[in-house]
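Okay, handing you the structure first.
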Amino acid sequence: MTTIAVVGASGSLGRVTVQAVLDRGWAPGSLVVCSRSPDRLDEFASAGAVIRRADYDDPASLRTALSRQSTTTTSPPAPASPRRSSPCMPRFARDASTS
C-alpha cells in the first residue's frame, strides 16, 4: 500500500496539506500524520489517519515516524519562528522513508 507522511501537520500549511490529500480521495489509513504535538491532530485520527510524533529537533523521532513511507512531505517552522529549523530534516526524511 502506498503511504504518505506529512510532517508538521499541526501547523497551518501541514494541516491544509493533509486536508487536501484527503479531499483528493486518499484513504485516511494511507496517511501518516506527524507532529511534535500529536494531540493537536485529533480530527485526522478520528478520520482514520495514523498519527505519529515527529519533532524536527529529535532525529530519532523522525526516523521512527517516517520509517517505510512511500512519500514524505515536510512543513518546517517558518523562518521567523523562534524555533530553529533543522537543516538536516530533508536528509532524515529521505533516509527514514527508505529504511
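Determine if the stretch 51-73 includes at least one residue that is in contact with a Lys or Arg (Cβ under 6 Å, 6 or more places away or on another chain) and at pLDDT 90 or above.
Initially, the stretch 51-73 is screened for residues in contact with a Lys or Arg (Cβ under 6 Å, 6 or more places away or on another chain), giving 55, 61, 65.
Still in the running and at pLDDT 90 or above: 61.
Yes.
Report, by residue number, each residue of the stretch 46-70 that is farther than 17 Å from Ser12 by Cα and among the small types (Gly, Ala, Ser).
Ser46, Ala47, Gly48, Ala49, Ala60, Ser61, Ala65, Ser67, Ser70
Follow-up question, since we're still on this one. Looking at the stretch 51-67, which of its residues are in contact with a Leu (Cβ under 7 Å, 6 or more places away or on another chain) and not in a loop (DSSP other than H, G, I, E, B)?
Ile51
Let me ask another. Looking at (1) in contact (Cβ under 8 Å) with a residue 24 or more places away in the chain; (2) of a type in the set (A, V, I, L, M, F, W, C); (3) out of contact with any Ser or Thr (no Cβ under 9 Å at 6 or more places or on another chain), which is the only condition Ala45 fails?
(1)
Starting from the stretch 11-30, take each residue that is more than 12 Å from Ala47 (Cβ to Cβ) and list its partners that are of a type in the set (Phe, Trp, Tyr) and part of a helix (DSSP H, G or I), counting only C-beta distances under 9 angstrom and pairs at least six apart or across chains.
Arg15/Phe44
The values are calculated or read from the model by the stated rules, or taken from the named source; none is laboratory data. Worth saying up front: this structure is predicted, and the values here are computed from it rather than measured. Glycine gets a Cβ as well: all are built from the backbone with ideal geometry, and neighbour counts include every protein chain shown.
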